[in-house]
Amino acid sequence: KPAPAFTLPKLLSPHETVSPKDMMGQVWLLNVWATWCNQCRAEHESLIALARANVAPIMGLNYTDDNEMAKRWLEQLGNPYLLNAVDTSGRIAIDWGVYGAPETFVIDKKGIIRHKHIGPVYPQLLKETIIPMINNLQAEQG
């Protein structure tokens, strides 16, 4: 289904906004995360590795979190996100069908959600499922 639209403040530049439209024309991931989420911490290293490999851009959706704590988290653990949207109320996550954090979505060049993973992303999942899917989607026309 099409990725639900939103316009939210950026975590690191709250006077600016971010939207899925910013990612159109490329294959990308949306990762729902929060500092209060233990499984988000467990997957963070995998997201850092994925970002370093430059496989696809990752947009973070910081979910019902404290902005200052989220900023400190990224300073301390590293920032795998090209962009990071702030969903303080959790309303956008509900629109995306999120049950909790972490959840990761693969979105194609046309803005269609092609895969949803509930729970933490680990190296084996990236290697066996997510990266091959990204590569296939990137090879598609348009």
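The values are calculated or read from the model by the stated rules, or taken from the named source; none is laboratory data. Quick caveat: nothing in here was measured; it's all calculated off a predicted structure. Because the Cβ atoms are built from the backbone with ideal geometry, glycine has one as well, and the counts that use them run over all protein chains shown. Side chains are part of the model used for accessible areas, which takes the heavy atoms of the whole protein and leaves out ligands, DNA and RNA. Shrake-Rupley method; radii C 1.70, N 1.55, O 1.52, S 1.80 Å.
General remarks:
- On the stretch given as the range 9-45, residues that are open to solvent by 20 Å² or more (accessible area, probe 1.4 Å) and in a strand (DSSP E or B) total 3.
- Test result for ALA51, at pLDDT 95 or above, open to solvent by 30 Å² or more (accessible area, probe 1.4 Å), among the aliphatic types (A, V, I, L, M) and not in a strand (DSSP E or B): yes
- Strands (runs of 3 or more DSSP E) contained entirely in the range 56-142, each with at least 3 residues that are among the charged types (D, E, K, R): none
- Any hit, the range 99-108, residues being over 15 Å from SER19 (Cα atoms), in contact with a Pro (Cβ under 7 Å, 6 or more places away or on another chain) and either open to solvent by less than 30 Å² (accessible area, probe 1.4 Å) or not acidic (Asp, Glu) (or both): yes
- Residue pairs meeting the criteria (Cβ under 9 Å; at least 6 apart or on separate chains; first at positive phi, in the range 65-78; second open to solvent by less than 50 Å² (accessible area, probe 1.4 Å) and at pLDDT 95 or above): GLY78/HIS44; GLY78/LEU47; GLY78/ILE48; GLY78/ALA51
- Only one of the numbered conditions (1) under 14 Å from the mean Cα position of the chain (by Cα); (2) among the charged types (D, E, K, R); (3) surrounded by fewer than 20 Cβ atoms within 10 Å (Cβ to Cβ) is not met by ASP87, and that is (3).
- A residue that is in contact with a Ser or Thr (Cβ under 7 Å, 6 or more places away or on another chain), open to solvent by less than 50 Å² (accessible area, probe 1.4 Å) and either within 18 Å of SER19 (Cβ to Cβ) or of a type in the set (Gly, Ala, Ser) (or both) occurs somewhere in the range 60-73.
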